[in-house]
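Please find one structure pasted underneath; my questions will follow.
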Amino acid sequence: MNGVSRKSHWENVYATKGEREVSWFQEDPAPSLELIALAGLSEGASVIDIGGGASRLVDALVERNIGQVTVLDLSAAALDAARERLEQRLGGKAAGVQWVAADVTTWEPTRTYDLWHDRAAFHFLTDPTDRSAYVERLKKAVKRGGYVIIGTFALDGPEKCSGLPIVRYDAASLSTILGSDFELIDARRHDHATPWGAVQRFQFSTFRRT
Ligand SMILES: C[S@@+](CC[C@H](N)C(=O)[O-])C[C@H]1O[C@@H](n2cnc3c(N)ncnc32)[C@H](O)[C@@H]1O
């Protein structure tokens, strides 16, 4: 899928579906928060949520006073929805969040981060060229000693997400793609319950940049 049709797919999803009408909705992003806590970030640390969409992870990070939070997504509609919710819930505290409407495979990072989080965005990159472009951005954007948390469908998870084909991973296959600059420090599975009660098997892998 090229960049233009990818963007129009996601803009259409967020323009036509409510928060609880998408399979990946999570009231409480507990699995991600647990892994972010393991990283033991210091005060003022910077976190970027790649393909964050309208996820509530940003709310939880701002509530926990994580220093600098950035949300990147292809869909401007998703970012607008997240920003409006955050402003309503947290008022002035929402102002510090950076919102980046971009395709991660062509984005040019202008700064570095202590932690990179991605829940269910990387797995859409079915073309090896896009995966290489993603890893290039990862190397540019994550500080040495920084953390990378990637959640994908597990090897026994669904074959599609949002009607699109995806690639399923375990920690070893993801580790091979990220390469030797990223040391695997944690691997766990998570069963996500969709808003309509189906179970989706996820794999969360955490790496430290050497
Ligand atoms: C399944 S949703 C997950 C959203 C969010 N991470 C969550 O856990 O609720 C996938 C998200 O990745 C975004 N996305 C897909 N491909 C992307 C790309 N190449 N660059 C940036 N965002 C992308 C979509 O717009 C969508 O918001």
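The values are calculated or read from the model by the stated rules, or taken from the named source; none is laboratory data. Predicted model, so just to flag it, every value in this text is computed and none were measured. Positions of Cβ are generated from backbone atoms using ideal geometry, with glycine treated the same way; all protein chains shown enter the neighbour counts.
Hey, could you check region 59-88 for residues that are without any contact (Cβ under 8 Å) to a residue 60 or more places away in the chain and under 21 Å from residue 137 (Cα atoms) and say which is nearest to the ligand (Cβ to nearest atom)?
72
For region 1-114, which helices (runs of 4 or more DSSP H) that fit wholly inside it have 3 or more residues that are out of contact with any strand residue (DSSP E or B) (no Cβ under 9 Å at 6 or more places or on another chain) and at pLDDT below 95?
In region 1-114, 3-16 are the helices (runs of 4 or more DSSP H) which contain 3 or more residues that are out of contact with any strand residue (DSSP E or B) (no Cβ under 9 Å at 6 or more places or on another chain) and at pLDDT below 95.
For residue 46, only one of the following conditions fails: (1) more than 26 Å from residue 112 (Cα to Cα); (2) in contact (Cβ under 8 Å) with a residue 12 or more places away in the chain; (3) more than 8 Å from the ligand (Cβ to nearest atom); (4) polar (S, T, N, Q). What is its number?
(1)
Scan (1) under 23 Å from residue 98 (Cβ atoms); (2) within 11 Å of the ligand (Cβ to nearest atom) for the single condition residue 23 breaks and write down its number.
The failed condition is (1).
Take residue 106 and tell me if it is buried (at least 21 other Cβ atoms within 10 Å of the Cβ) and not hydrophobic (A, V, I, L, M, F, W, C).
It is false that residue 106 is buried (at least 21 other Cβ atoms within 10 Å of the Cβ) and not hydrophobic (A, V, I, L, M, F, W, C).
Which of the residues belonging to region 135-151 are crowded, with 22+ Cβ neighbours inside 10 Å, in contact (Cβ under 8 Å) with a residue 60 or more places away in the chain and not aromatic (Phe, Trp, Tyr)?
Passing the criteria: 141, 142, 146, 148, 149, 151.
Right, here's the next one. Tally up the residues in region 115-158 that are in a loop (DSSP other than H, G, I, E, B) and in contact with a strand residue (DSSP E or B) (Cβ under 7 Å, 6 or more places away or on another chain), please.
7
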